1. Give me the pairs: first residue in region 1-13 and closer than 21 Å to residue 66 by Cβ, second residue modelled with pLDDT under 75 and not in a loop (DSSP other than H, G, I, E, B), beta-carbon distance under 7 Å, and six or more apart or on different chains, which are they?
2. Name the single residue, out of those in region 191-210 being in contact with a helix residue (DSSP H, G or I) (Cβ under 7 Å, 6 or more places away or on another chain) and either surrounded by fewer than 17 Cβ atoms within 10 Å (Cβ to Cβ) or outside any helix (DSSP H, G or I) (or both), that is modelled with the lowest pLDDT.
3. Answer with yes or no whether residue 388 is within 22 Å of residue 452 (Cβ to Cβ) and touching a residue at least 12 places away in the same chain (Cβ under 8 Å).
4. Write out, first by first residue and then by second, each pair whose Cβ atoms fall under 6 Å of each other, whose residues are 6+ apart or on separate chains, and whose first residue, in region 178-196, is touching a residue at least 24 places away in the same chain (Cβ under 8 Å) while the second is outside any helix (DSSP H, G or I) and crowded, with 18+ Cβ neighbours inside 10 Å.
5. Within region 85-105, does at least one residue satisfy the condition of being closer than 22 Å to residue 128 by Cβ, surrounded by 16 or more Cβ atoms within 10 Å (Cβ to Cβ), modelled with pLDDT of 85 or more and over 36 Å from the mean Cα position of the chain (by Cα)?
6. Restricting the search to region 93-114, which residues are free of Cβ contacts under 8 Å to residues at least 40 places away in the same chain and under 27 Å from residue 166 (Cβ atoms)?
7. Testing residue 366 on (1) without any contact (Cβ under 8 Å) to a residue 12 or more places away in the chain; (2) over 35 Å from the mean Cα position of the chain (by Cα); (3) in a helix (DSSP H, G or I), one condition comes back false. Which one is that?
8. Name the residue that is farthest from the chain's Cα centre (by Cα), counting only residues in region 433-464 that are farther than 19 Å from residue 412 by Cα, surrounded by 15 or more Cβ atoms within 10 Å (Cβ to Cβ) and in contact (Cβ under 8 Å) with a residue 24 or more places away in the chain.
């Protein structure tokens, strides 16, 4: 038998268990689930069920109507029961979430009475507690009234009163509270900047980052910008870079031309151009000594982002740079300039850096069919580094046909579990294409070797499709 904890909330309420003990009353979804659960239970058993009949008969008796049965009645299938129960809802303040739900009721008298009760009961503290539920209900067709009431009630709130929402775990409520706090000017600029830097919600981060500098006074700008520029999130750092221009310090954006984020680099170039500085010239200055071990890795891709194909020769000299990150970004830069020649990049498939090999594989994918397949197949061997085997398989997989099946079969015993799973999936998804020779003995052998991954029916069908069955 199920434990008491595992029983549905409605069943526990039927037994007289108070809502606070029947389910997590702090969870807005739990209230919505209860409403649906009771309604579905009523449909399942009909109005003649003992619990339903009891609620209807006792609906006008406030003495016998406890909190548990009132909660059930507020969710009842019959609108008359819901309406009668609302008349005594003030006696059960813990059931205010159900009153909020009834504000979206499909029965107009129930809906009107619930909205009147909610307006009378709602103060700032109660609105803060109900905000996650009201925001959820706001997505419903009749939820606009509750949402408007929430805005109206919380408009005069202080930052301290909104703190449970600003610091809470409900994402929607946290965003709502920050929008309200920013609109009302409740948070100081430095606090907004710190929220942007420390947060993990992009919407809140961007909102606070923009508001931080906009609201900063003359004595606060420097600290706010420094805080934004220290962020790990690229969106927040880019807001800090953009703020450099508005604060009259555009020359400081030069430092961010080689930021690890493309968004930040783009903002830095914009700020410098507005200041009359050519970013390309600054990138070329960085790359004046191609073998400099202190060269910022993003200088190569940054030049490609604002340069042209005439810069490709300079980037090619960086393919042998001693720092792996520089080589990887150089490959990405050549790809951006559409100047990545397979003959030059091919040797980098054996690079000791996994990041370099990944960039090379991505760059060579469009020309995978033109690469030497035997040499790629050799790189599937278990004695080679995993990133080399993975890149070779990715390229052979792109070729398709027998080449794909051959490569996948070769990796079925690979020591790396992830590569094995990718190879198994490739076998299971493979089917003969026009490239596959009709009746190829090699295809038959490969299918037999990997046949344990296919059902007898699928294996037979694949062979028929390949011309290996009459």
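The values are calculated or read from the model by the stated rules, or taken from the named source; none is laboratory data. Quick caveat, the model's predicted, so the values are computed rather than measured. Ideal geometry is used to build each Cβ from the backbone, glycine not excepted, and the neighbour counts take in all protein chains shown.
1. Close Cβ pairs satisfying both conditions: 10/41.
2. We begin by selecting, within region 191-210, every residue in contact with a helix residue (DSSP H, G or I) (Cβ under 7 Å, 6 or more places away or on another chain); these are 192-197, 199, 201-210.
Those left that are additionally either surrounded by fewer than 17 Cβ atoms within 10 Å (Cβ to Cβ) or outside any helix (DSSP H, G or I) (or both): 199, 201-203.
On the way: 199: 88, 201: 93, 202: 93, 203: 95.
Step by step, filter region 191-210, then rank; the result is 199.
3. Values: within 22 Å of residue 452 (Cβ to Cβ): no; touching a residue at least 12 places away in the same chain (Cβ under 8 Å): yes.
For residue 388, the condition - within 22 Å of residue 452 (Cβ to Cβ) and touching a residue at least 12 places away in the same chain (Cβ under 8 Å) - is not met.
4. Listed pairs, sorted by first residue: 189/216.
5. Taking region 85-105 first, the residues closer than 22 Å to residue 128 by Cβ are 89-90, 92-104.
Adding the requirement that they be surrounded by 16 or more Cβ atoms within 10 Å (Cβ to Cβ) leaves 89, 92, 95-104.
Those still in the list that are modelled with pLDDT of 85 or more too: 92, 95-104.
Checking which are over 36 Å from the mean Cα position of the chain (by Cα) leaves us with 92.
Yes - at least one qualifying residue is present in region 85-105.
6. Kept after step one, since they are free of Cβ contacts under 8 Å to residues at least 40 places away in the same chain, are these residues of region 93-114: 93, 96, 99, 102, 105-114.
Scanning region 93-114 gives 93, 96, 99.
7. Going through the list (1) without any contact (Cβ under 8 Å) to a residue 12 or more places away in the chain; (2) over 35 Å from the mean Cα position of the chain (by Cα); (3) in a helix (DSSP H, G or I), residue 366 breaks only (2).
8. Ranking the candidates gives 440 first.
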